[in-house]
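Student: Please read through the structure below; I'll follow up with questions.
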Amino acid sequence: MSDMGKILVVDDDRTLIRIVKTRLEAEKYKVFIASNGEEALRILDKKRPDLVILDIMMPGIDGFETCQRLRSKPAHRHLPVIMLTAKHNPSEKVKGLDMGAVDYMTKPYESDELLARIRAGLRARREYERIMKMVSRDALTGLYNRRSFDLRFAEEFSRAERYNREFSLVMLDIDHFKTVNDTYGHPTGDIVLKQVADLIQKNIRKSDIPYRYGGEEFVILALETDVAGVEICAERIRTSCEKFHFGKEKKPISITISLGFSYYQQDSASSPEDMLRKADSMLYQAKARGGNCVTSATLQKNNSAAAQ
Ligand SMILES: [Mg+2]
């Protein structure tokens, strides 16, 4: 039913809401309703609609403010909002559009026109999502790309600072990958990269986010976990690669990976760059030890033999 899209209708006029809801449901949209701004904001977070129809004149916070508040949340920044106003007042329309509405309609309105505007809003939304997927993912492995990592890492770092949270950054690199490309050719190298990406995805936890950092290098943001948890996860990925037969079925290739990670605790890393540098130098140490191992920055501080 929600294939057509989920729509939140916000209006203090219950009769109007009922009419719009019935009409939209006849078109197979999934419809949520709210009779004021506060309720709308709560439903937004819970139900994640694809489009919002928002009345301007409401008791409590009005449509303008509701729109502004929802726009201030990153998750709703690109949500299409169609404003409904009873006023034939150009300055209201201008204000609505400036507050982040993508479209507006004046009451009373033709339901065919409203439906057409909804379709247009949803088309724009889907196009936006398609483009976002393209710019945020790595085409070969399907993992998030470097650009996505940079954005999320900066976010997680400031979140950790603000709320005194702990998290880890794992860097992972395929040992002697150049030899794979030189020996078996780049198409096989690509298969190997994809297989490593799949093994990473299979062996991480729900709260871990993997990225292709570039070339044969991957990073994992390990959120909401302690050092021991990250260590276990990193080790699991390392072992799964060690056991796996890479490449094409007829000519399996043995491959190992090295992993280094840094761990954020208050005062342990002064900046995202610092944390990244630490993880990178741990990876470098893992390589220097001959590869196929895990080293970590936090263990490094207390315990000189960090490698497993
Ligand atoms: Mg109203």
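Student: Ile174 is checked against (1) touching a strand residue (DSSP E or B) at 6+ places or on another chain (Cβ under 8 Å); (2) under 30 Å from Val31 (Cβ atoms) and fails just one. What number does that condition carry?
Tutor: For Ile174, the exception is condition (2).
Student: Another question, if that's okay. Check region 87-108 and report whether any residue there is of a type in the set (Phe, Trp, Tyr) and out of contact with any Gly (no Cβ under 6 Å at 6 or more places or on another chain).
Tutor: The answer is no; no qualifying residue exists.
Student: So Val135 clears everything in (1) β-branched (Val, Ile, Thr); (2) under 30 Å from Val196 (Cβ atoms); (3) buried (at least 18 other Cβ atoms within 10 Å of the Cβ) except one condition, right? Which one?
Tutor: Tallying (1) β-branched (Val, Ile, Thr); (2) under 30 Å from Val196 (Cβ atoms); (3) buried (at least 18 other Cβ atoms within 10 Å of the Cβ), Val135 fails exactly one: (3).
Student: In this structure, does Asp150 turn out to be assigned to a helix (DSSP H, G or I) and within 28 Å of Ala286 (Cα to Cα)?
Tutor: yes
Student: Every residue in region 52-67 that is hydrophobic (A, V, I, L, M, F, W, C), more than 8 Å from the ligand (Cβ to nearest atom) and out of contact with any Cys (no Cβ under 8 Å at 6 or more places or on another chain), please.
Tutor: Val52, Ile53, Ile61, Phe64, Cys67
Student: Something else: State which residue pairs qualify: first residue free of Cβ contacts under 8 Å to residues at least 60 places away in the same chain and inside region 167-189, second residue of a type in the set (A, V, I, L, M) and in a helix (DSSP H, G or I) in any location, beta carbons under 7 Å apart, and separation of 6 or more residues or different chains.
Tutor: These pairs meet every condition: Gly189/Val180.
Student: Can you tell me how many residues in region 68-97 are within 16 Å of the ligand (Cβ to nearest atom) and under 12 Å from Leu51 (Cα atoms)?
Tutor: Of the residues in that region, 3 qualify.
Student: Taking the stated definitions as given, is Pro49 more than 16 Å from the ligand (Cβ to nearest atom) and either more than 16 Å from Met105 (Cα to Cα) or free of Cβ contacts under 8 Å to residues at least 60 places away in the same chain (or both)?
Tutor: Yes, satisfied.
Condition check ((1) over 19 Å from Phe153 (Cβ atoms); (2) part of a loop (DSSP other than H, G, I, E, B); (3) modelled with pLDDT of 90 or more; (4) not assigned by TED's automatic domain parsing to the domain that holds Asn164) across all residues:
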| site | (1), (2), (3), (4) |
| --- | --- |
| Ile232 | yes, no, yes, no |
| Glu235 | yes, no, yes, no |
| Ser268 | no, yes, no, no |
| Asp280 | no, no, yes, no |
| Leu283 | no, no, yes, no |
| Thr298 | no, no, no, no |
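Student: Now a separate question. Filtering region 153-176 down to residues that are acidic (Asp, Glu) and in a helix (DSSP H, G or I), which residue is farthest from Leu193 (Cα to Cα)?
Tutor: Kept after step one, since they are acidic (Asp, Glu), are these residues of region 153-176: 155-156, 161, 166, 173, 175.
If we keep only those that are in a helix (DSSP H, G or I) too, we end up with 155-156, 161.
Values: Glu155: 27, Glu156: 26, Glu161: 34 Å.
Among them, the one singled out is Glu161.
Student: Take Phe261 and decide whether it is more than 21 Å from Ala154 (Cα to Cα) and either surrounded by 14 or more Cβ atoms within 10 Å (Cβ to Cβ) or modelled with pLDDT of 95 or more (or both).
Tutor: In short, no.
Student: Residue by residue through region 1-20, note down the ones that are closer than 15 Å to Tyr109 by Cα and within 13 Å of the ligand (Cβ to nearest atom).
Tutor: Listed by number, the residues that qualify are Val9, Asp11, Asp13, Thr15, Leu16, Ile17, Val20.
Student: Given the residues Leu172, Leu143, Leu115, Leu193, which is the only one that is more than 17 Å from the chain's Cα centre (by Cα) and within 30 Å of Leu79 (Cα to Cα)?
Tutor: Leu115
Student: Among the helices (runs of 4 or more DSSP H) lying completely within region 4-121, list those that include at least 1 residues that are in contact with a Lys or Arg (Cβ under 7 Å, 6 or more places away or on another chain) and either assigned by TED's automatic domain parsing to the domain that holds Glu155 or crowded, with 16+ Cβ neighbours inside 10 Å (or both).
Tutor: Ranges flagged: 37-47, 63-71.
Student: Within region 93-102, identify whether any single residue is modelled with pLDDT of 90 or more, of a type in the set (Val, Ile, Thr) and within 32 Å of the chain's Cα centre (by Cα), and answer yes or no. Explain how you work it out, then say what you get.
Tutor: Quick first cut of region 93-102, residues modelled with pLDDT of 90 or more only: none.
Within region 93-102, none of the residues are modelled with pLDDT of 90 or more, of a type in the set (Val, Ile, Thr) and within 32 Å of the chain's Cα centre (by Cα).
The values are calculated or read from the model by the stated rules, or taken from the named source; none is laboratory data. Because the structure is predicted, anything quoted here is derived from the model rather than measured. As a convention, Cβ positions derive from the backbone with ideal geometry for all residues, glycine included, and neighbour counts pool all protein chains shown.
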